[in-house]
Structures are given as C-alpha cells and as structure tokens.
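Colleague: The structure under discussion is supplied below as structure tokens; questions concerning it will follow.
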Amino acid sequence: MTRQYAELHRPQFHFTAAKNWLNDPNGLVFCDGVWHLFFQHNAQATVWGEMTWGHAISRDLLHWQQLEHALYPDAMGTMFSGSAVVDHDNTAGFGPGTLLAFYTAAGSQVSPAKPFTQCLAYSTDGGYQWTKFHDNPVVDWIEDDNRDPKVIWHAASKQWVMALYLADDRYALLVSTNAQRWRQIQEVVLANDTECPDFFPLPDESGVERWILWSASGRYLVGSFDGRKFEPLTPLQVSESGFNGYAAQTWSNAPDGRCVQISWMAGGLYPEMPFNQQLSIPVELKLKGTGASAVLTRQPVAELNALRGKALVHTNRRISPGKPFTADTKARLFDVSFTVSTGSSKALYVMVRGQTLAFDWAEANLNLVNGRPHKLGLAEQSVRLPTKPGCAAQLSCRLIVDLTSIEVFINDGEVSASFCYLPDAHTDPLVLYGSGDAQTLEHLALFELRSIFEQ
Ligand code: FRU
C-alpha cells in the first residue's frame with residue numbers, strides 16, 4: 001500500500017483531508033499563532049454527504065496537521081458551512097478570548113421535518129474542543145435553505161455582523177451585540193450567485209476602509225459599511241475566476257492586518273484515491289485603486305516561498321510556430337513567473353504536465369483546454385485577460401503547479417484563476433508554444449517546489 005500523502009494524485013502542498021470527501025473551508029480563525037482550518041467533510045465516504053466539520057491546524061499556512069473532527073451532525077441536522085471568530089471582549093459571556101463558531105444546521109426533510117437554521121458553538125481552549133450552545137438556533141429559519149453564516153466584529157459600531165445566504169441570488173446582513181440575538185438590517189443581491197458569502201474590510205490605496213461582500217463563485221462588491229448599511233461603490237466584479245475556485249473564505253483575527261483567503265477547488269478528479277477534493281493555496285487579498293475603481297488583488301501567501309528549491313531563469317526567447325520554449329526541468333511541483341510581449345501573435349499555449357492553458361490574445365481570454373468547469377451557470381467560465389482583443393500587450397503571469405492543480409495570477413494578482421487537472425502524456429512538464437506571429441518571452445523564472453510531506 002502507498003504511504004499516506006504519497007499517493008499518485010495526492011496534492012503535495014495543498015490541503016486535502018487524510019481520507020474521504022471535503023468541500024468548503026469553514027471556521028477560519030487565527031488564534032495564538034495557529035491558523036485553524038475547519039472544512040466541510042464527509043468523514044465516512046469519498047462523496048459528499050453527512051456534513052461534519054473536519055479540523056486542521058498550521059503555523060505557516062502550508063504544513064497542516066489534521067485533528068479530531070470538530071462538529072458532528074445532531075438532531076438539528078448535518079453541519080453545513082460557517083465561520084469562526086475570537087470574542088476578545090466577552091460579548092457572548094463565555095469568557096474573554098473564547099472562540100465562537102457559527103454554522104448552519106441543515107435540518108431534516110424526513111419527519112419531523114426541520115428547516116435550515118444558524119447555530120453557535122464555542123471553544124474556551126483556543127479552538128480544539130467545541131461545545132454547542134444550549135439555546136440553538138441563534139438565527140431562526142428565514143427562508144428556503146438559508147445558510148453559510150460568515151461573522152465578523154465591526155469595531156466602530158461595537159457589534160457582530162453576519163453575512164448570510166438566503167435564496168436565489170439574495171443575501172442578508174444581520175447584526176448582534178452578544179452573538180446570540182440577531183437582527184436583520186439589510187438584504188443584498190449578488191446577481192446570479194448563490195451560497196457562502198464573505199464580508200470583510202480592507203483599506204483601499206488611499207487608506208480608506210472599504211468593505212467587500214463576496215459570493216461563492218468568487219465575485220464581489222466593494223462598498224462602505226457603517227454598521228447599519230452596506231453601500232456598494234462598484235459593480236459586481238470577478239476576483240477568483242477559472243473553472244474550480246469556489247466558496248472562498250478569509251481568516252478572521254489574522255495577524256499584521258493580513259487578509260488571507262482559501263477556497264475549495266471544486267470539481268477536481270482524484271481517481272482511485274482515498275481522499276476527494278482539495279483546497280487552494282492560501283492567498284493574500286489587497287485592494288488596488290480607490291472609490292468606484294477599487295479592485296481586489298489575490299496573491300499566493302509569501303509563506304509558499306519556503307518550499308522553493310532549484311531555480312532557473314531565461315530571458316528574451318522568441319516563440320514562434322515550430323519554435324516552442326521548453327523549460328529545463330523535470331519537476332512535478334513548481335512556481336513559475338513569466339513576462340510575455342504578445343506582439344501580433346494570436347495565442348500562447350502553456351503546456352503544464354501535458355495539459356494546455358490557452359492564452360488567446362485575439363479574444364483576450366484564458367482557458368484550460370479540456371478542463372471541467374465546475375461553476376456551471378455562475379461566473380464566466382473563461383478567464384478575462386487584461387489585454388484588449390487583437391492589441392499588442394505585455395503580460396506577467398505566475399503559475400503555481402501542484403500534482404492536480406494550476407493556480408494562475410496575472411499582473412500581480414489583478415486577475416486570478418484556479419484550475420484542477422490530471423496530468424496527461426508529456427515528456428517535459430513545462431512547454432510554451434505559440435500561434436500566429438512570433439512573440440517574446442521576455443523573462444521566465446521557475447522554482448522547483450518541495451513537497452510539504454518531505455522531511
Ligand atoms: C457550498 C455549500 C454550502 C453548504 C455546504 C454543504 O459548496 O453548498 O452552501 O453549506 O456546501 O456542504
């Protein structure tokens with residue numbers, strides 16, 4: 001039998017459950033030097049079902065230790081997605097510094113039927129043991145399968161704010177001063193989206209605090225929030241694009257003002273593996289620009305650099321049909337950044353372990369050829385490139401490649417996209433070739449990465 005974590009398709013620096021199914025990241029909270037990661041887990045099978053909160057911890061956002069499951073299904077239902085916070089001011093009365101987790105109890109369709117409600121659990125030992133609140137639910141059923149409470153402290157108005165998914169493409173904001181009694185203050189539409197909201201502040205480039213309302217398929221509004229009303233300043237924009245990024249959540253209580261997010265890479269295939277599904281690499285979010293032109297950027301956390309090994313650099317290579325560029329590496333895990341001047345070429349094909357990422361300059365989009373879109377009917381499937389169709393441009397791109405995933409960050413994270421893949425036939429793990437006129441690979445730097453399971 002293959003050693004655990006050394007299986008053929010086991011991601012080597014992305015989080016996977018030791019065994020069985022996982023989906024959304026839940027309850028992300030930093031406490032006493034530890035990044036807690038809870039996750040939707042079917043502890044019994046490699047398919048979705050019987051939702052339980054799995055639990056893992058890390059000190060560097062890379063090396064994870066899976067612990068005992070934190071929340072098990074009960075008479076109110078299975079444990080759907082939610083969030084966690086540190087109650088520094090003891091608003092809930094369980095003691096200062098208690099961790100509070102908010103989750104959806106997914107009710108029951110069999111008699112006696114029970115609706116979806118929002119519940120509270122708390123931990124007085126820094127996130128290891130959890131007790132469900134004796135008077136759950138803390139938010140009664142509102143409508144349909146309302147779910148996925150994401151809670152944050154709003155310091156200016158001294159209250160907790162909960163973003164909650166209601167139904168269709170409608171979300172609610174609720175507030176509470178004690179984390180137990182909640183009052184709805186607003187309903188917000190995130191057009192054509194569903195599930196897993198996130199709501200968090202970030203300073204814009206002029207230092208003004210803005211609030212981001214985020215939906216499961218990686219789209220967001222930037223606005224202002226005064227504790228009473230969220231006022232969007234921007235239209236709905238796409239942040240995490242690509243076929244597989246879903247249900248992202250940010251850590252609460254993160255140190256040094258950091259805003260760190262992780263997503264489920266929904267829909268990847270892991271044939272014959274004891275586990276199913278993986279999470280993304282954690283990314284750091286920043287707000288670029290100001291006011292109505294504010295956009296989020298996503299960049300892999302700097303901690304990832306600790307896995308870098310052998311490096312190679314190439315400059316000024318012309319790529320033309322029949323003249324591909326082949327990187328001098330046999331690595332299966334790598335972090336590669338390149339800058340390309342497109343000239344009047346049509347497309348650039350970046351072949352990663354036999355799978356093709358197609359940068360279509362003429363159409364200004366990016367696709368994983370033969371990839372399997374998970375976000376059907378939601379966000380745009382192909383990735384919009386920051387170039388104008390048919391125009392010469394210079395574009396910088398970073399790819400983070402693990403055994404079953406490629407994450408793309410363009411122009412310092414202004415565009416980002418997540419893709420799952422399985423390797424196909426190949427000799428060289430990274431080959432770039434073009435279509436149409438020649439283009440120039442101005443600079444390419446590749447770092448081979450070590451596995452987190454290497455001693
Ligand atoms: C999103 C989601 C959530 C729900 C959970 C159930 O992927 O459907 O809305 O809480 O997964 O596992």
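Colleague: Give the separation of the Cα centroids, segment 353-423 to segment 20-43, in Å.
Modeller: 27 Å
Colleague: Which far-off residues, 5 or more places away or on another chain, put their amide H under 5 Å from the one on S224, with H placed in the peptide plane?
Modeller: Answer set, sorted by chain and number: W211, E231, L233.
Colleague: Provide the FRET efficiency to the nearest 0.05 for the Q394-A292 pair, computing r from the beta carbons and using R0 = 22 Å. Show your work: numbers first, answer last.
Modeller: Working: r = 26 Å, r/R0 = 1.20.
Efficiency at R0 = 22 Å is approximately 0.25.
Colleague: Using θ = phi - 60° and the Karplus form 6.51 cos²θ - 1.76 cosθ + 1.60, what ³J(HN,Hα) does each residue of segment 118-128 get, whole Hz, x for Gly and Pro?
Modeller: Karplus-based 3J(HN,Hα) across segment 118-128 equals 9, 10, 10, 9, 9, 9, 9, 10, x, x, 9 Hz.
Colleague: Taking all protein chains as present, what is the carbon and sulfur share of the accessible area of segment 20-300, in % to the nearest whole number, probe 1.4 Å? Kindly include the intermediate steps, with their values, before the conclusion.
Modeller: On the way: 5040 of 10200 Å².
Reported share for carbon and sulfur atoms: 49 percent.
Colleague: In nm, to one decimal, how far is the H63 label point from the N178 one, both placed 7 Å along Cα→Cβ?
Modeller: 4.4 nm
Colleague: Report relative contact order for the chain in percent, whole number only (criteria: Cα-Cα under 8 Å, sequence separation at least 6).
Modeller: Details: 1322 pairs, mean separation 65.7, N = 455.
Reported relative contact order: 14 percent.
Colleague: Report the antiparallel proportion of the DSSP beta bridges in the chain as a percent, rounded to a multiple of 5. The partial results should precede the final answer.
Modeller: Details: 144 of 149 bridges.
Beta bridges within the chain, antiparallel portion: roughly 95 percent.
Colleague: Shape verdict for the chain, please, from the Cα gyration tensor: rounded (a/c under 1.5), prolate (a/b greater than b/c) or oblate. Mind dumping the intermediate values first?
Modeller: Numbers: a/c = 1.98, a/b = 1.55, b/c = 1.28.
Because a/c hits 1.5 or more and a/b exceeds b/c, the chain counts as prolate.
Colleague: For a protection proxy built on the mean count of beta-carbon atoms within 10 angstrom, sort 194-205, 235-246 highest first, please. Intermediate results must be reported in sequence, preceding the final value.
Modeller: On the way: 194-205: 20.2, 235-246: 22.9.
So the peptides 194-205, 235-246, ranked by packing, come out 235-246, 194-205.
Colleague: A further question follows. Convert each backbone phi in segment 3-15 into a coupling constant with the Karplus relation 6.51 cos²θ - 1.76 cosθ + 1.60 (shift: θ = phi - 60°), then list the ³J(HN,Hα) values in order as whole Hz, x for Gly and Pro.
Modeller: 4, 4, 6, 10, 5, 3, 10, 7, x, 9, 8, 10, 6
Colleague: 5 Å is the cut-off here: which amide hydrogens, built 1.01 Å from N in the peptide plane, fall below it relative to F15, excluding neighbours closer than 5 in sequence?
Modeller: Amide H to amide H, under 5 Å and 5 or more residues apart or across chains, F15 pairs with L279.
Colleague: Output ³J(HN,Hα) for segment 290-295: one whole-Hz value per residue in order, computed from phi by the Karplus curve 6.51 cos²θ - 1.76 cosθ + 1.60 with θ = phi - 60°, and x for Gly and Pro.
Modeller: Whole-Hz 3J(HN,Hα) from phi for segment 290-295: 9, x, 6, 9, 6, 10.
Colleague: Any idea how many Lys pairs in the chain come in under 17 angstrom at the alpha carbon, given 8 or more places apart or on separate chains? Working shown, then result.
Modeller: Values: K150/K158; K150/K229; K158/K229; K310/K330; K323/K346; K346/K388.
Step by step, the pairs that qualify in the chain add up to 6.
Colleague: Which FRET efficiency, nearest 0.05, do D125 and S206 yield, Cβ-Cβ r, R0 41 Å?
Modeller: Working: r = 41 Å, r/R0 = 1.01.
After rounding, the FRET efficiency stands at 0.50.
Colleague: I'd like to check one number: the per residue accessible area of the chain, probe 1.4 Å, reported in Å² as a whole number.
Modeller: Working: 17790 Å² over 455 residues.
About 39 Å² of surface per residue is accessible.
Colleague: Positive end of the charge dipole of the chain (Lys, Arg +1 and Asp, Glu -1 on Cβ, about the Cα centre): tell me which of N253, G54, H374 has its Cα farthest that way.
Modeller: H374
Colleague: With each label point set 7 Å from Cα along the Cα-Cβ vector, what nm distance links Q109 and L312?
Modeller: Label-label distance for Q109 and L312, simple model: 5.3 nm.
Colleague: Counting alpha carbon pairs within less than 8 Å and at least 6 residues apart, what relative contact order, in whole percent, applies to segment 60-137? Mind showing how you got there, number by number?
Modeller: Numbers: 134 pairs, mean separation 18.8, N = 78.
The value is 24 percent.
Colleague: Shifting gears a bit: In nm, what is the difference between 0.36 nm times the number of residues separating A167 and D226 and their Cα-Cα distance?
Modeller: Net length gain for the segment: 18.7 nm.
The values are calculated or read from the model by the stated rules, or taken from the named source; none is laboratory data. These figures come from a predicted structure and were not determined experimentally. Note that each Cβ is placed from the backbone with ideal geometry, even for glycine, and that neighbours are counted across all protein chains shown. Each accessible area value is taken on the protein alone, full model and side chains, heavy atoms only, with ligands, DNA and RNA left out. Shrake-Rupley method; radii C 1.70, N 1.55, O 1.52, S 1.80 Å.
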